[in-house]
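One structure is given below, encoded as structure tokens.
Please treat every number below as a calculation from the coordinates, not as lab data. None of these values were measured; they are calculated from a predicted model. No Cβ is skipped: glycine too gets one built from the backbone with ideal geometry, and neighbour counts run over all protein chains shown.
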């Protein structure tokens, strides 16, 4: 049913979606747009897209499904433009890491019977570095793909069918679909995704100041240090919009961890240390 | 030159040393002692030791080299007992994670021309769980093995030769030897080893409280969450002695990270966030 897809933003995620769709048997057209021509060329060479388009709005207008795979604010911007030109019978979906603002905009600008449908999505997959050249057809295998659909939206019949069809493709590329409320989504990912990232950034920045001039110490740290700072390589460009659109929830999570570290620091020689280790062991027990 | 080794403590490290020595061609005897009989039996079955001994002091007395691979306080305890019975021409070495107290005791109880030699060591290798059954002949391949030898010590000629021989075996099992002052060692590992561990413990304990009743959220966190909490599985029994024997340095490192997290929290919407990401990127650049 989906015959033409526009991927707006052929970075790591956009390129990986294109490759994964091809690997799962999608035979329709895939047009790709990217802010930098180089990223689009790479995606084209890798076979993630079949053609490069210069105008993202025109490309969306000609497509059944438009995937927004750009940073949050760029997605919000594109949504404003697209809502005026797309019509009932077209679907827009996204891969943004925070969902409250996107989902609010989706209700305001899309999802009436006359307008195009918008299905807010968030694949829990990525790498610490971005870019089309890291695109990977198996990136979404075994990952969770969250949708923050709103049950109050009334879509056209064709919009509903396209949303169902997109969900099927997400399953076909190996992801497990979970539906969740947008507000709850943003609170939850603050704990299990944004907090781990900001901890790795803070730890890496601190260690750069403390031992950055003694690179042999990195070897001394071994696997534990390597793992705990891997996400320190994540680029600001990817995380700025996340910090800006989920600020309060991230602040809460960071503050809670600061308190937890202080508690541990004050209990290095008391039975409180055992309790913290046992609680941590419990969290890891079923991983 | 080393014909008989006693491994006191056949947990993960002791068992792995035995297996690694065999894999590297060591053909002498290896006697093993362990506080729990089960761990010794496992090490024997795996071929890490050739026989189980019931008395660690008697086993050390009959050996050229005694390896202490038990928690720090147990090592300090054994050192007191061993210094009275071992003689010049015997070597004791260890794998303890903090080195100030061990090295101080080594100077006080060993390392005169008349007494046995003691070479304080610390392989930067391990797993988040312990136990003989996880023993691994390749655990030390590519790892750094730190020694905190003291140049003021005057050993017997045979003690010197045994220490050199042990260093050669450490190289033979694949480790890179680095010599370092004991005080500097403890400060350094507080940053690159102990801090990452305590952060993972605090983060895991916090997440157990926040999302422990919703195990599906662990899947949502994906690889990043899995990695950042892997060390949360580390047992208290392994870390208690480290917290007790390196308290001040660990307190300093934890406090510095608390401040860094607070700085990041207060700058989620300012250019300060970019600076922290760029500093973190720099730390990871050469990994």
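If you wrap a convex hull around the Cα atoms of chain B, how much volume per residue is inside, in Å³? List each step's numbers first, then the result.
Numbers: hull volume 41.8 nm³, N = 287.
In chain B, the Cα hull volume divided by residue count equals 146 Å³.
Could you pull the Rg and Dmax for segment B:44-103, using just the Cα atoms, both in Å?
12.1, 35
Working out 0.36 nm times the residue gap between residue B:23 and residue B:133, then minus their Cα-Cα distance, what length gain in nm do you get to one decimal?
37.9 nm
Report the calculated FRET efficiency for residue A:275 and residue A:36 (r = Cβ-Cβ distance, R0 = 45 Å), to the nearest 0.05.
Numbers: r = 51 Å, r/R0 = 1.13.
E(calc), rounded to 0.05, equals 0.35.
How far, in nm to one decimal, is residue B:45 from itself in the other copies if the label point is set 7 angstrom along Cα toward Cβ? Shortest first, please.
Those label-point separations list as 5.4 nm.
Shortest first and in nm with one decimal, please list how far the residue B:271 label point sits from its counterparts in the other copies (point 7 Å along Cα→Cβ).
Ordered by increasing distance: 5.3 nm.
Given R₀ = 51 Å, FRET efficiency for residue B:172-residue B:248 by Cβ-Cβ distance, to 0.05?
Details: r = 36 Å, r/R0 = 0.71.
The pair residue B:172/residue B:248 has a calculated efficiency of 0.90.
Would you mind listing the distances between the residue A:107 label point and the same position in each other copy? Use 7 Å along Cα-to-C-beta, nm, one decimal, shortest first.
Here residue A:107 shows inter-copy label distances of 6.9 nm.
Round to the nearest 10 and give me the degree value, 0 to 90, for the angle of helix A:37-46's Cα axis relative to the longest principal axis of chain A.
80 degrees
Quick one: if you take sqrt(5λ) for each eigenvalue of the C-alpha gyration tensor of segment B:159-204, what semi-axes come out, biggest first, whole angstrom? Walk me through the intermediate numbers first.
Working: eigenvalues 185, 38, 11 Å².
With the √(5λ) rule applied to segment B:159-204, the semi-axes are 30, 14, 7 Å.
Note the angle between two axes, namely the Cα long axis of helix B:236-245 and the longest principal axis of the Cα atoms of chain B, as a number of degrees from 0 to 90, rounded to the nearest 10.
Helix B:236-245 sits at roughly 80 degrees to that axis.
Efficiency by 1/(1 + (r/R0)^6): what FRET value for residue A:184 and residue B:80, r their Cβ-Cβ distance, R0 = 60 Å, to the nearest 0.05? Spell out each step's value before the answer.
Numbers: r = 58 Å, r/R0 = 0.96.
It comes to 0.55.
Over its Cα atoms, what ratio of radius of gyration to 2.2 N^0.38 Å does the protein assembly as shown give? Display every interim value, and only then the final one.
Values: Rg = 28.3 Å, N = 574, 2.2 N^0.38 = 24.6 Å.
The reported ratio for this selection is 1.15.
Nearest 10 degrees is fine. How inclined is helix A:72-85 to the longest principal axis of chain A, computing both from alpha carbons?
It works out to around 10 degrees.
Could you check how many percent of all C-alpha pairs in segment A:37-153 are farther apart than 24 Å?
Numbers: 1960 of 6786 pairs.
Value for segment A:37-153 (Cα pairs over 24 Å): 29 percent.
Give me the tail of P(r) for segment B:108-163 as a percent: Cα-Cα pairs with distance above 13 Å.
More than 13 Å apart: 67 percent of the Cα pairs in segment B:108-163.
Would you mind computing, in nm to one decimal, how far apart the modelled labels at residue B:164 and residue B:263 are, each placed 7 Å from Cα along Cα→Cβ?
Modelled inter-label distance: 4.8 nm.
Enter the per residue convex hull volume of segment B:184-285, computed from alpha-carbon coordinates, in Å³ rounded to the nearest integer. Please list the in-between numbers first.
Working: hull volume 13.6 nm³, N = 102.
That works out to 133 Å³ per residue.
Whole Å is fine, so just give me how far the alpha carbon centre of segment A:74-110 lies from that of segment B:20-34.
For segment A:74-110 versus segment B:20-34, the Cα centre distance is 65 Å.
Provide the three semi-axes, in whole Å and in decreasing order, of the ellipsoid equivalent to segment A:94-248 as defined by the square roots of 5 times the Cα gyration tensor eigenvalues. The partial results should precede the final answer.
Numbers: eigenvalues 267, 59, 27 Å².
Each semi-axis is √(5λ); the values are 37, 17, 12 Å.
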